[in-house]
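Since every read-out is calculated from the coordinates, none of them should be taken as a lab result. It should be emphasised that the depicted structure is a prediction, and the values quoted were computed from it without experimental measurement. Because the Cβ atoms are built from the backbone with ideal geometry, glycine has one as well, and the counts that use them run over all protein chains shown.
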Ligand SMILES: [Zn+2]
């Protein structure tokens, strides 16, 4: 294993220029950049994470010699270099104790809660993605974004902060944490809290609303039940993410806010995967910062374009950037297809379908929107949500 000092003095190995997605004008340049970053991150992971080092060794591959880009990474996947939620606590960088890091926890809604170490470079990467996503949906400088986030130590509690030190749009954000505090408080106290939120929202007068599906639907409805009149606001767009949704659910959320709904696909582990633009022709893959492939979970084969497959995500970093947790060939267990059509908006990044999840447990129990699928579960969930919110 190399030491931190050695790592910091590594020289740029490829000699290629480093351009962000916003400055890359052709697909071929984007493909080259992706390959370069795959080389950088697979080598760094091999040198600084014993678990991934062993997986590469078992696959008979050394990233320094055998990984030149996308196709080699997919070859490694077939040979067992793959990670899932169950591996997260084996994926920290050995240099992580020498960096300032934030420890965040995934929600644990669909599996056990996972602890992820986030470095400064990972936060900067995440803010680049947020900027791309916000620009694509028309959020502009000077506007106001009302954000509902989970409480710390969950990922969304920190995800609005990087925007303050990186990039634009230069929006003003008002952030509410979700109301887990409403358990065991009196009805009068709940009403007082709801009314204070509503007054703040009126005063803030948001142009856009952002949050997880639970937040922008159930929590918003809870506020409405205490008198929030959404007609008094002029919200242009509502941005949801965190969990896969159906088109009907997105429409219901748009209708509730009287605003255009935008989906985004992200996780605590890999951050932003894809996002919608105004064309709503699919989800733009955040290609400068993540390599996304679709594979057959049985054979491990790349399924190619326009076919549904299991998601495979590798967050990308330039040579010299240092994540504190490595996700190589990481699958959320979701299903997506990468589309062969380009988007009418002119953005060069590839499109994918909206993700679907085999187990819709969280969506059903968490949000109670999915009444067609399993009515008995929804009734139980509705009672549970009623208990926690009312
Ligand atoms: Zn587009």
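Can you tell me the order of 252-261, 202-211, 301-310 when each peptide is scored by its average per-residue count of other Cβ atoms within 10 angstrom, highest first?
Working: 252-261: 18.6, 202-211: 20.2, 301-310: 15.0.
Result, highest mean Cβ count within 10 Å first: 202-211, 252-261, 301-310.
Between residue 234 and residue 89, the simple label model (points 7 Å from Cα in the Cβ direction) yields a spacing of 5.2 nm.
How would you rank 237, 113, 42, 58, going from fewest to most other Cβ atoms within 10 Å of each one's own Cβ? Intermediate results must be reported in sequence, preceding the final value.
Numbers: 237 22, 113 14, 42 28, 58 11.
Neighbour counts put them in this order, fewest first: 58, 113, 237, 42.
Between residue 144 and residue 278, what's the calculated FRET efficiency when r is the beta-carbon distance and R0 is 25 Å? Round to 0.05. After rounding to 0.05, the efficiency reads 0.80. Placing a label point 7 Å from the Cα of residue 299 along the Cα-to-Cβ direction, the residues of the stretch 75-93 with a backbone N closer than 15 Å are 75, 78-79. For the stretch 84-358, taking Cα atoms only, Rg and Dmax work out to 18.8, 58 Å respectively.
DSSP assigns beta bridges within the stretch 84-358; of those with both partners inside it, close to 60 percent run antiparallel.
Exposure proxy ranking for 234, 127, based on other Cβ atoms within 10 angstrom of each Cβ and starting from the fewest, stands as 234, 127. Which residues among the stretch 224-257 fall inside the zone where the amide N is under 11 Å from a point 7 Å beyond the Cα of residue 205, along Cα→Cβ? Those under the cut-off are 233-234.
Want the number for residue 174 to residue 152: 0.36 nm per residue separation, take away the alpha-carbon distance, what's left?
Working: separation 22, 0.36 × 22 = 7.92 nm, distance 1.61 nm.
Full extension from residue 174 to residue 152 adds 6.3 nm.
The label-point distance for residue 247 and residue 191, in a model that sets each label 7 Å from Cα toward Cβ, rounds to 4.3 nm.
Tell me, 298, 103 in order of fewest to most beta-carbon neighbours within 10 Å? Write down the numbers at each step before the final one.
On the way: 298 7, 103 12.
With the sparsest Cβ surroundings first, the list reads 298, 103.
Here the extension length gained between residue 258 and residue 225 equals 10.2 nm, from 0.36 nm per residue of separation less the Cα-Cα distance.
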